[in-house]
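Chemist: This is the structure I want to talk about, given as structure tokens.
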Amino acid sequence: MSRAKPEDDEYWNSSKFSAFTFDDEDDEFTKMKESKRAVNSILVDDDDDDDDVEKVSWSGEPIGSISWSVKETASSFRSSGEQSFPKIDTAPSLPKQGSGYSLSSLFKAFTDTSTRAYAPELRKPKSECKDYMSDWSPEETVRRMRKGRAYSLERFRSLQDKLLLLDEAVSLHDGNVITAVLIYLKRSLSKEILFRELMVREVALRHYVHYLKEMGEQKLLLMQYKEHLNIKDEGRRRDFLKSCLSLPFSQDDAMHVQDHYTLLERQIIIEANDKRGEAEIFRKYPRKASILNMPLITTLYYSCFYHYGEPEGTFSSPANIRKTFRISEKQYILTALGARAKLKSWFDVDSLFNTKNWLGYTKKRSPIGFHRVVDILQKNNAPAQVLQEYVNLIDDPELRLSLAQKYKCHDIVIDTYKDLKDRQQLIVYQGKVERGSHEDRKIEELINNMQIRWKN
Amino acid sequence: MYVIQAAAVRGRCAGCLMAQSGRRDAPELPDFSLLKRLARDQLIYLLEQQHEVDKLYKVELKPIVSTADQLCFLIRPRIQTVKWISDVVNLDKAAGRLRRYKIIFTPQKFYACEAVLEEQGVFGDVTCDEWAFYLLPLDDDIISLELPEFFRENFLEGDQRWVGAAGGALRLIHSLYGPFSKVYGIGQCAKMVYESWREQVEDGEQKTQQPEIGNVFLIDRDVDFITPLCSQVVYEGLVDDIFRIKCGSVEFGPEVTSSDKSIKVMLNSQDKVFNEIRNEHFSNVFGFLSQKARNLQTAYDKRRGMDIQQMKAFVSEELKGLKQEHRLLSLHIGASECIMKKKTKQDFQELLKTEHSLLEGFEVRECVSFIEEHINRQISMIDSLRLLCLLSLTENGLLPKDYRSLKAQYLQSYGIEHLLTFSNLKQMGLLVEQQPGETLTVMESKVGKLVNDKTAGKLTDAFSSLAKKSNFRALSKRLVLIPKSGEEYDLRVPRDMAYIFSGAYVPLSCKLIEQVLERDGWTGLEEITRMLNGHEFAVSGGANGTESRIKADSQRIVLVMFLGGCTYSEISALRFLGRERGYKFIVVTTAITNSGRLLEALLDNHP
């Protein structure tokens, strides 16, 4: 408001409206104090008047907010005297259509007790009344904020006041208000002080950390590492990961981040070579995607698929990857098995499980159950012969039987029943094989064999 | 956009009752279609009358191509979205383009969002409004707040921004269907929501209406994480696990419809076929559907030997209904087939066996190696995580060497960026290391020390140490959550709520509700609540104390509010409990959840 001319002041001060002077730039300090008292006296029974006030907006019309219409419909349906959700007022400075604020309506509202309004709204038409609302206690302030009413945080200037305000907000359990207060504290306190105080206020701290996270400003340890996900260029991503190595991670996590860096470094080298796809295997089985940013196990699978048998010295060889990243035997066998079976290299599959004992005999040994091996082979359409060999290696007779039946490995079923001395089951099984076939004859021979001590 | 979709009107659901009728006469449920009408009217009012909206676009955080001179955004109060809108406005400004902008926040706006507008210098160019849409009735007995973010923001981030919204939702229900006579609850958030609701109601006038809902039970999701992490085997839950039900409707793809197009179906009590199988254990569903198919055939067969008049009557009276049933039946048969196919392919039996062993605490080493192999084979990233969490929750944490090794293998299989996921799970207490010999006080003093530590890096550690123990074994023993093994459990004639998990486990959340209702409070459950970290309460409502006015029926209607989401299996269990005890449950939830959604909310492997 532009400074009023002296003659205007004279007019206002002498007029009958003098008790309602709203010009805070008025020189007559006492009069201002007077009106301030008047306003404050209205504010005393603030809460009691909630119901009356909420029904009318500044222009004197029912509030056209959405929350209002809930209430309207609700109460017309059932006469409950409930309060409706409070509406958060839109900004006072907005030239909002349809909200005809005028000084006259202000006075009207003030004099008409049935539609008495709140002081904060005085701020709406002009900013003259700022002083009056700044007297709200922390408690009143946060309650107003929760209800979406006008408020002001500027008066909370001392650290003590700020903290009182924050604690009051926390005690309300309304995250929206807590964050609003924190935003104010962030703007008006130094980082060090704010952080020091938040350290002893867990709820507020968590709201603050979450707010910073949402704003993209939070730089806690893992969030810093997470930044790499935003870097598209693999070279820059690798360099970024390298810079993360110096962050104070826990021992375990530091190792994982180191692995991440090493892995991407390898992938970049492998990708550069394989992109050209000159080797025969790439022409036969073209790559579907680049290996960049794939998980370690996917990289190992890729290496077992395209680079099997390369000497350990090469970065792309399975042996090198296995060693560098300390991959367990079980994990290695599973992955190599999947890749070699996919290529139908049954010879490679065989040699994965071959171990020689000290006499030089080869024996099949596996860190994963052979039933799982069978499962993987079967999913890769292994021929019956290969499948049969591995079904036979399953230790548990029950499991062996069920898989042998599933994959129609008749010889194994028959042998297993023979080992179990289960003549009855053998007879039952005879019904399932082709009459006159090799299996049929074998069963016939067995059940007539008097030397076996059948259990049934 | 899905908000709008969510508001689409469905007519009043005809009062279809459950397949089996209750032990006692079950009271009628209140009519919630009013809630939907309210929400719709509000939105229409906002869009048409206030802002003259004629076209809707989905917010995709991409540049806007439009010649309109006013843009209106209907959004969730998320900072990221508001930032994007600010960019749109600033781009327009730079190009000298004049437009009016309006943001309608739903269900409410946040100060932090307005602060973004202010910071970006567009406050004033953009005006804000609110669509206070809190409650979407998904069915006769399910109301959703459709706030999936509630779970992560409240339980992981510790942000209480939705407490007021939950309190407000409760207030609305109270004003329409109350007054409630009793409110029970457990959980830190439940307590805050109750407080918020109470304060919101306090200013209101005395109630004079007839109450329709008598009792309320508020429960935090973190009271029971085990139940939502288990594989669902009841039909509705399975459909949700596999096809993902959104806002009460599901899209069945070509593999179900056996045609080349997808069909969207509303899944609620109006679908007569669905209504009869939704709460059934999956093993019964096929039998039921084939019986139904036979009945349908018989009904169609009636046509044979009809004369013209009879035929005319048949066509006009029965045929339409039969055709409708036919359509639904073939859809659900298709869905069941699809479920069967998927569940056998993934070695589902083995997975279930592992889950049950974990719940029982039986052959835990075998479970650990099953999980390890699951991870090694790079099968479903979410399932691996789910099993890890179940292992941790049932065993009060993993042995340190298991934790290190399984975490390392997980990162190798699914990507090292999951480091953040693990940190989140640790913070939530979902996947932790065992703390051998550490008593609570030792832990507390350690936490105290960390909180005072000034390095920011220690912050997350401090939070994670606050994560509580699950005490599942002891709870399960006290509450008899695991029925004796070896006994035959007839899934067609369920004897308790355990049927929703094939008779292997009674859901903890539902068992608590049962116990509290039975005892009319927490008396006698002190040991249990201590193991659940307290925060339980029971309050008698109705300050006016007009007990005489309260209808007896309303006392048997119980509103259960899940803060952080509930699963369809839990709803099925409560429906069962209701039939057994003569209650009717109304479930109000911040969102429908399942193991997939719950864990996906905690993943942090993307920018």
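The values are calculated or read from the model by the stated rules, or taken from the named source; none is laboratory data. What you see is a predicted model; the values in this text were computed from it and never measured. No Cβ is skipped: glycine too gets one built from the backbone with ideal geometry, and neighbour counts run over all protein chains shown. Only protein heavy atoms, including side chains, enter the accessible area calculation; ligands, DNA and RNA are left aside. Shrake-Rupley method; radii C 1.70, N 1.55, O 1.52, S 1.80 Å.
Chemist: What do you reckon, is B:Q232 in a loop (DSSP other than H, G, I, E, B) and either open to solvent by less than 40 Å² (accessible area, probe 1.4 Å) or farther than 30 Å from B:D553 by Cβ (or both)?
Modeler: Yes, satisfied.
Chemist: Here is a further query. Here's a check for you: in the range B:535-566, which residue that is modelled with pLDDT of 80 or more and farther than 17 Å from B:E514 by Cβ is nearest to the chain's Cα centre (by Cα)?
Modeler: Per the criteria, the residue is B:G565.
Chemist: What's the number of the condition B:I371 fails, among (1) within 14 Å of another protein chain (Cβ to nearest Cβ); (2) surrounded by fewer than 21 Cβ atoms within 10 Å (Cβ to Cβ); (3) among the β-branched types (V, I, T)?
Modeler: For B:I371, the failing item is (2).
Chemist: Any residue in the range B:488-509 that is more than 22 Å from B:S470 (Cβ to Cβ) sitting within a Cβ distance under 8 Å of a residue that is surrounded by fewer than 22 Cβ atoms within 10 Å (Cβ to Cβ) and of a type in the set (K, R)? List the pairs, counting only those 6 or more apart or interchain.
Modeler: Once the first residue is more than 22 Å from B:S470 (Cβ to Cβ) and sits in the range B:488-509, its partners that are surrounded by fewer than 22 Cβ atoms within 10 Å (Cβ to Cβ) and of a type in the set (K, R) give B:Y489/B:R495.
Chemist: Condition (residue is aromatic (F, W, Y) and touching a Cys at 6+ places or on another chain (Cβ under 7 Å)) applied to the range B:127-136: is it met by at least one residue?
Modeler: no
Chemist: Across the range B:307-324, what is the total count of residues that are of a type outside the set (V, I, T) and open to solvent by 50 Å² or more (accessible area, probe 1.4 Å)?
Modeler: 11
Chemist: To continue, here is another question. Of these, A:G313, A:G309, which one is open to solvent by 60 Å² or more (accessible area, probe 1.4 Å) and on the phi > 0 side of the Ramachandran plot?
Modeler: The conditions single out A:G309.
Chemist: Which residue out of B:R76, B:R99 is of a type in the set (K, R), in contact (Cβ under 8 Å) with a residue 40 or more places away in the chain and more than 10 Å from every other protein chain (Cβ to nearest Cβ)?
Modeler: Numbers: B:R99 fails: in contact (Cβ under 8 Å) with a residue 40 or more places away in the chain.
Being of a type in the set (K, R), in contact (Cβ under 8 Å) with a residue 40 or more places away in the chain and more than 10 Å from every other protein chain (Cβ to nearest Cβ) holds for just one of B:R76, B:R99, which is B:R76.
Chemist: Name the residues in the range B:177-193 that are within 10 Å of another protein chain (Cβ to nearest Cβ) and surrounded by 24 or more Cβ atoms within 10 Å (Cβ to Cβ), would you?
Modeler: Passing the criteria: B:Y177, B:G178, B:P179, B:C189, B:M192, B:V193.
Chemist: Among the residues that make up the range B:356-366, is at least one of them within 13 Å of another protein chain (Cβ to nearest Cβ) and in a helix (DSSP H, G or I)?
Modeler: Looking for residues that are within 13 Å of another protein chain (Cβ to nearest Cβ) and in a helix (DSSP H, G or I), one finds at least one in the range B:356-366, hence yes.
Chemist: Something else now. If B:S384 satisfies all but one of (1) open to solvent by 10 Å² or more (accessible area, probe 1.4 Å); (2) closer than 30 Å to B:E251 by Cα; (3) assigned to a helix (DSSP H, G or I), what's the number of the condition it fails?
Modeler: In the conditions (1) open to solvent by 10 Å² or more (accessible area, probe 1.4 Å); (2) closer than 30 Å to B:E251 by Cα; (3) assigned to a helix (DSSP H, G or I), B:S384 misses (1) alone.
Chemist: Now, a different point. In contact with a Pro (Cβ under 7 Å, 6 or more places away or on another chain), in contact (Cβ under 8 Å) with a residue 12 or more places away in the chain, within 14 Å of another protein chain (Cβ to nearest Cβ) and over 22 Å from A:V373 (Cβ atoms): is that true of B:Y403 in this structure? Break it down stepwise before answering.
Modeler: Working: in contact with a Pro (Cβ under 7 Å, 6 or more places away or on another chain): no; in contact (Cβ under 8 Å) with a residue 12 or more places away in the chain: yes; within 14 Å of another protein chain (Cβ to nearest Cβ): yes; over 22 Å from A:V373 (Cβ atoms): yes.
No; evaluated as a whole, the condition is false for this residue.
Chemist: Please give the number of the condition B:P607 fails out of (1) more than 14 Å from B:D140 (Cα to Cα); (2) surrounded by fewer than 24 Cβ atoms within 10 Å (Cβ to Cβ); (3) touching a residue at least 12 places away in the same chain (Cβ under 8 Å).
Modeler: Among (1) more than 14 Å from B:D140 (Cα to Cα); (2) surrounded by fewer than 24 Cβ atoms within 10 Å (Cβ to Cβ); (3) touching a residue at least 12 places away in the same chain (Cβ under 8 Å), B:P607 violates only (3).
Chemist: Looking at A:D395, A:D411, which is the one that is touching a residue at least 12 places away in the same chain (Cβ under 8 Å) and loosely packed, with under 12 Cβ neighbours inside 10 Å?
Modeler: That would be A:D395, the only listed residue that is touching a residue at least 12 places away in the same chain (Cβ under 8 Å) and loosely packed, with under 12 Cβ neighbours inside 10 Å.
Chemist: Let me ask another. Look through the range A:184-217, keep the residues that are facing chain B (nearest Cβ under 9 Å) and not in a helix (DSSP H, G or I), and return whichever of them is surrounded by the most Cβ atoms within 10 Å (Cβ to Cβ).
Modeler: Selected residue: A:M199.
Chemist: Looking at the range B:1-114, what helices (runs of 4 or more DSSP H) fall wholly within it and have at least 3 residues that are open to solvent by 50 Å² or more (accessible area, probe 1.4 Å) and at pLDDT below 60?
Modeler: none
Chemist: With the structure loaded, tell me whether B:K353 is surrounded by fewer than 17 Cβ atoms within 10 Å (Cβ to Cβ), modelled with pLDDT of 90 or more and under 28 Å from B:A573 (Cβ atoms) or whether it fails that test. Write out each step before concluding.
Modeler: Values: surrounded by fewer than 17 Cβ atoms within 10 Å (Cβ to Cβ): yes; modelled with pLDDT of 90 or more: yes; under 28 Å from B:A573 (Cβ atoms): yes.
Against the criterion (surrounded by fewer than 17 Cβ atoms within 10 Å (Cβ to Cβ), modelled with pLDDT of 90 or more and under 28 Å from B:A573 (Cβ atoms)), B:K353 qualifies.
Chemist: Can you tell me which residue is surrounded by the fewest Cβ atoms within 10 Å (Cβ to Cβ) among those in the range B:136-176 that are over 26 Å from A:H207 (Cβ atoms) and within 13 Å of another protein chain (Cβ to nearest Cβ)?
Modeler: Within the range B:136-176, the match that is surrounded by the fewest Cβ atoms within 10 Å (Cβ to Cβ) is B:L176.
Chemist: Going by the structure shown, is A:M223 without any contact (Cβ under 8 Å) to a residue 60 or more places away in the chain, open to solvent by 70 Å² or more (accessible area, probe 1.4 Å), part of a helix (DSSP H, G or I) and not small (G, A, S)? It would help to see each step written out before you state the result.
Modeler: Values: without any contact (Cβ under 8 Å) to a residue 60 or more places away in the chain: yes; open to solvent by 70 Å² or more (accessible area, probe 1.4 Å): no; part of a helix (DSSP H, G or I): yes; not small (G, A, S): yes.
No: the conditions fail for A:M223.
Chemist: Hey, could you check the range B:116-131 for residues that are open to solvent by less than 10 Å² (accessible area, probe 1.4 Å) and either in a loop (DSSP other than H, G, I, E, B) or under 18 Å from A:A204 (Cα atoms) (or both) and say which is nearest to the other protein chains (Cβ to nearest Cβ)?
Modeler: B:W131
Chemist: Okay, next question. Please indicate, with yes or no, whether at least one residue in the range A:382-392 is under 25 Å from A:H307 (Cα atoms) and open to solvent by 40 Å² or more (accessible area, probe 1.4 Å).
Modeler: yes
Chemist: Is there any pair linking a residue in the range A:353-366 that is surrounded by 10 or more Cβ atoms within 10 Å (Cβ to Cβ) to one that is among the β-branched types (V, I, T) and at pLDDT 85 or above, with Cβ under 9 Å and at least six apart or on different chains, and which?
Modeler: Sorted first by the residue in the range A:353-366, then by its partner, the pairs are A:F353/A:I333; A:F353/A:V373; A:S366/A:I333; A:S366/A:V373.
Chemist: For the list (1) open to solvent by less than 30 Å² (accessible area, probe 1.4 Å); (2) of a type in the set (A, V, I, L, M); (3) part of a loop (DSSP other than H, G, I, E, B), I need the number of the one condition that A:I297 fails.
Modeler: (3)
Chemist: Let me ask another. Determine if the range A:285-293 includes at least one residue that is among the aromatic types (F, W, Y), buried (at least 20 other Cβ atoms within 10 Å of the Cβ), within 24 Å of A:I376 (Cα to Cα) and out of contact with any Cys (no Cβ under 9 Å at 6 or more places or on another chain).
Modeler: No: zero hits.
Chemist: While we're on this one: Quick one: would you say B:K323 is under 22 Å from B:Q270 (Cβ atoms) and not assigned by the TED database to the domain that holds B:R597?
Modeler: yes
Chemist: I'd like to verify a number: residues in the range B:482-508 that are in contact with a helix residue (DSSP H, G or I) (Cβ under 7 Å, 6 or more places away or on another chain), over 23 Å from B:I277 (Cα atoms) and either in a loop (DSSP other than H, G, I, E, B) or among the hydroxyl-bearing types (S, T, Y) (or both), how many?
Modeler: 3
Chemist: Another one. Quickly run through the range A:246-271 and pick out the residues that are at pLDDT 90 or above and open to solvent by 30 Å² or more (accessible area, probe 1.4 Å).
Modeler: Matches in the range A:246-271: A:A254, A:M255, A:Q258, A:E265, A:I268, A:I269.
Chemist: Please tell me if B:L420 is in a helix (DSSP H, G or I), under 18 Å from A:H256 (Cα atoms), modelled with pLDDT under 95 and within 13 Å of another protein chain (Cβ to nearest Cβ). Before the answer, list the steps.
Modeler: Numbers: in a helix (DSSP H, G or I): yes; under 18 Å from A:H256 (Cα atoms): yes; modelled with pLDDT under 95: yes; within 13 Å of another protein chain (Cβ to nearest Cβ): yes.
It is true that B:L420 is in a helix (DSSP H, G or I), under 18 Å from A:H256 (Cα atoms), modelled with pLDDT under 95 and within 13 Å of another protein chain (Cβ to nearest Cβ).
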